[in-house]
1. Of all residues being of a type in the set (K, R) and touching a Lys or Arg at 6+ places or on another chain (Cβ under 7 Å) in segment 354-374, which is farthest from V57 (Cα to Cα)? Just the residue, please.
2. Within segment 225-234, how many residues turn out to be open to solvent by 10 Å² or more (accessible area, probe 1.4 Å), under 17 Å from E257 (Cα atoms) and either at pLDDT 95 or above or in contact with a helix residue (DSSP H, G or I) (Cβ under 8 Å, 6 or more places away or on another chain) (or both)?
3. Answer yes or no as to whether T276 is under 47 Å from the mean Cα position of the chain (by Cα), over 30 Å from F328 (Cβ atoms) and among the β-branched types (V, I, T).
4. Of the residues that make up segment 297-319, is at least one acidic (D, E), out of contact with any Phe, Trp or Tyr (no Cβ under 7 Å at 6 or more places or on another chain) and open to solvent by less than 60 Å² (accessible area, probe 1.4 Å)?
5. Under 51 Å from the mean Cα position of the chain (by Cα) and either of a type in the set (V, I, T) or under 28 Å from T264 (Cα atoms) (or both): is that true of E243 in this structure?
6. How many residues does segment 484-497 contain that are farther than 19 Å from K458 by Cβ, open to solvent by 70 Å² or more (accessible area, probe 1.4 Å) and assigned to a loop (DSSP other than H, G, I, E, B)?
7. Give the residue that is surrounded by the most Cβ atoms within 10 Å (Cβ to Cβ), with candidates limited to residues of segment 531-581 that are assigned to a strand (DSSP E or B) and among the basic types (K, R).
8. Out of all the residues in segment 359-379, which are touching a helix residue (DSSP H, G or I) at 6+ places or on another chain (Cβ under 7 Å) and open to solvent by less than 50 Å² (accessible area, probe 1.4 Å)?
Amino acid sequence: MKIKKILLSFLFIYVFLPSFVLALDYKSGDIRNEEVSVSNDEILVTKKVSKTDEDFVYNVEFVIKGESTLESSTKNVYVSVIFDRSGSMLCANGTKTSFDLFYNKHANINNQNLYCMFNDSINNYKWENAVNGAISFSKDITENISTSKINLITFASDTSNKISWTNQVFNTSDFDYPYGATNLHLAVDLAKENLDSVEDNSLKYILIISDGEPNSTELLFQSIARVKNAGIKIYTVGYDTSEDAKNILKSIASGKEYYYDATTDGIKDVLKELATDIKEISAGKDAVLIDTIGEDFSYVSGEGVIVNDKVVTYSLGEISDEKKSFNFKIRLNDNLENGWYATNNILNEGVVLKYKDKDNQEQKLVMTSSPEVYYEKEKYPYTINYYKDSISQDNLLGTVSDYLELDEIVSVDKDKYLPTGYTSENIILNDFVIAKDNNVLNIVYEKNIYSYHIEYYKDEISRVNLVAKTKDVFREYGSLVTIEDIVNDFGEDWLSLYKPAGYKDGITSTNEISIDVENNVIKVLYLKEETNYYKILYYFNGKIDNSKTVIVTDQIIGTRIENIKFEEFDNYSLKEVINYPLVVSNNADDNVIEAFYELNEEIVLPPNTFVNNNINYLPKILFIIACTSLVLFVNKKYNNVKKIKK
C-alpha cells in the first residue's frame, strides 16, 4: 500500500501545481514530465529522462522497487544449508592448522584440544563461531517460518548429508570437525537432489557457507547452472575469505543481493539477516522490463540491456524491497518539425514490466505515460555590435545577440545605441540574412556636425540690443573651438567686427567653446566709451566656472564698488574675495572681482559687505546736489530781476 500512497502524493502535487509552472517556456532539447511512474499494490516502476553533455542525447533511467511480504503458510519453504568443514575453517586469517593434532580422521573432536600453528591454542573461534551462527540460523528459520524445513550438508574432501529435512534446530555435534579439501560442487549436487525430492510449488533455497576456493571451479559452475535452471535460489556467505574466493561465491549467488560477507566476529549477525531475507517473499520474480523507444529516437548505448531495433530489454530477476535500476542513452533524431516527442512508444505499450507474482502467475505492468523532449529546428547565433567613431573594444557601445533559423532576415535597429552628438544617416543596411556561421554585423556611428556663430550686443546682452550675428560655421560634435579657430573663421578683429560708434572694443565671457548639439554661441558686448564695466568671476575649489561670470556695465570710472551680495550655492561656502571693494578704472582688466568658494566651508565676507547687489548710491547723491544747486541759482536770479524792476 505504500506505493499507492506515493502515487497519490505525486498526483496531488501535479494537479495543484500553479498554472504558471505548467506554462513555462521551453527551449529545444528541454524535457517535460521528466519522471513518470506506474505501480500496483506490490511494485513501483519509475522512468526518468535527463539531459547529458551531448545535445539531444538523453539518459533513460529505470528504478524498480517491490514491496516484499512475509512468508505465507500456504507455501512450504525448504532451505538446504551447505557448510564448509575443510581444514581452513579452523583458523582465521589464513593461519595453517597442525596436522598432527586434529587431522586424524578418527579423533574424537570433543576430547581434543585443537591448535593453530604459531598460536598456543585456537583463540579466534573461527570454527566455533561459524557453527554457532549456522545453529542460530536454523533456529530463526524453523521458529519464524511455520512451513519451513531445513537440512544440513557438510563438505570437505568428502560430502555428508548430516541432517535430513527437519524443522528442528541444529546441534554442535551435527557439524563434525574441520578436515580436508573443498569439494563444494559435490555438496551443491547433493543439495539439488534433496530439493528435487520436495513438492514443486515450494520455495526452495540453498545456503552456502564457505571460506575458501573450491577444488574445481569448472565443476562447481556446472553444478550451479543446474540448480539455477531448476528455479532454486542460492545464497552464499563468504566467511573470512580471500578476494578470489569471494569473487567465486559472488558469481554463483542468484544475484548481488544474495551474497553476504562475514567475519569471525560477525558471522552470527549475517546469518540472522539472511534468515530474515528468506522468510520474506519477493514482490515478483523472473522480471523483465521492456521499453519501446519513441519512433523519433534511436538507441545510443547502455550496459546489461538487450537491444532489438527500438526495443530495449533488461532482465531484473527478483523484485524485492531493494531498489533495482538500470539506464541507457537515446538520441532524438534531427530534421523534425517543431514540437514535443515522446521518449517511448505509448501506442505500442511503451514500457512493460513482465514478471511472476508470489503465486507464480504471469503478470504485466504497463506504463501509459512518457517523458517528452521538445524540438525546434536548429537556430544559428548572430551578433550586432554598435560602435562610435571606429571598430575597437574601447568604442563598443552595446551588443545584440540572438538565434534565428537558417535564411531568416534579422531585424536591425540601427539607432539602438545612437549616442548624443552622433548620426546614423551614413549607415546603409542591406538585408542581414542568417547563414550557418559568421553572422556578425558591425554598426559604426560618426560624429554629427553642428554650427556655432558670434552674436554682438551693445549696452547689455538682450534681444533688443542685438547688433549683429555672424554666419554659421560647422564643427564636429565635441570639438573645442579655440581663439585661434575663431580668428581663422572670422578674422583677427572679430571682437570689434560690429562695434558701434562711440563704443569700446567688444568684450566676451569666453574665448573658446566646446561644440554641443545646441546653444553654440559666443556673445560679444560693446560698452560706451565714458563708462566701463567690471566682472565678478566665480571659482569653485580653485576652478573657474565661466557660466557664473557676472558683467556689470555702465559703471562710472572711479566708482567704489563695495555693496555686493555674492551668490550662495548649495554645499559651498565663500572663502575669499580678491580685489574687493573695487574702484572702477579705465583699464577693464583691473575691474575684476574674484570670489572663491569651497565645499562645506564657512562663508567669509569682507567688512561692509551687505545684501544690496549692484546698487551704487554716488550717482544719486550727485544728482540731488546738482538739482539743489540749480534751484538755488534760479531763485537768486529771480530775486535780482525783481530788484531791477523796482
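1. At the first step, the residues of segment 354-374 found to be of a type in the set (K, R) are 354, 356, 358, 364.
Imposing the further condition that a residue be touching a Lys or Arg at 6+ places or on another chain (Cβ under 7 Å) reduces the set to 354, 356, 364.
Details: K354: 28, K356: 34, K364: 29 Å.
Of everything passing the filter in segment 354-374, K356 is farthest from V57 (Cα to Cα).
2. Keep residues of segment 225-234 that are open to solvent by 10 Å² or more (accessible area, probe 1.4 Å), which gives 225-226, 228-231, 233.
Still in the running and under 17 Å from E257 (Cα atoms): 228, 231, 233.
Subsequent filtering for residues that are either at pLDDT 95 or above or in contact with a helix residue (DSSP H, G or I) (Cβ under 8 Å, 6 or more places away or on another chain) (or both) retains 233.
Qualifying residue count, segment 225-234: 1.
3. Values: under 47 Å from the mean Cα position of the chain (by Cα): yes; over 30 Å from F328 (Cβ atoms): yes; among the β-branched types (V, I, T): yes.
For T276, the condition - under 47 Å from the mean Cα position of the chain (by Cα), over 30 Å from F328 (Cβ atoms) and among the β-branched types (V, I, T) - is met.
4. Applying the first criterion (acidic (D, E)) to segment 297-319 yields 303, 309, 318.
So of that shortlist, the ones also out of contact with any Phe, Trp or Tyr (no Cβ under 7 Å at 6 or more places or on another chain) come out as 303, 309, 318.
With open to solvent by less than 60 Å² (accessible area, probe 1.4 Å) added as a condition, the list becomes 318.
The answer is yes; a qualifying residue exists.
5. Values: under 51 Å from the mean Cα position of the chain (by Cα): yes; either of a type in the set (V, I, T) or under 28 Å from T264 (Cα atoms) (or both): yes.
Answer is yes for this residue.
6. To start, the set of residues in segment 484-497 that are farther than 19 Å from K458 by Cβ comprises 484-489, 491-492.
Next, only the ones that are open to solvent by 70 Å² or more (accessible area, probe 1.4 Å) stay: 484, 488, 492.
If we keep only those that are assigned to a loop (DSSP other than H, G, I, E, B) too, we end up with 492.
Final tally of qualifying residues: 1.
7. Keep residues of segment 531-581 that are assigned to a strand (DSSP E or B), which gives 531-540, 543-544, 550-556, 560-561, 572-578.
Retained after the next criterion (residues that are among the basic types (K, R)): 535, 543, 560, 575.
Working: K535: 17, K543: 7, R560: 11, K575: 15.
The selected residue is K535.
8. Let us first name the residues in segment 359-379 that are touching a helix residue (DSSP H, G or I) at 6+ places or on another chain (Cβ under 7 Å), namely 368, 370.
The one that is touching a helix residue (DSSP H, G or I) at 6+ places or on another chain (Cβ under 7 Å) and open to solvent by less than 50 Å² (accessible area, probe 1.4 Å): S370.
The values are calculated or read from the model by the stated rules, or taken from the named source; none is laboratory data. Everything numeric here is computed off the predicted structure, so don't read it as measured data. When we count neighbours, we look across all protein chains shown, and the Cβ atoms used for this are built from the backbone with ideal geometry, even at glycine. Heavy atoms of the whole protein, side chains included, go into the accessibility calculation; ligands, DNA and RNA do not. Shrake-Rupley method; radii C 1.70, N 1.55, O 1.52, S 1.80 Å.
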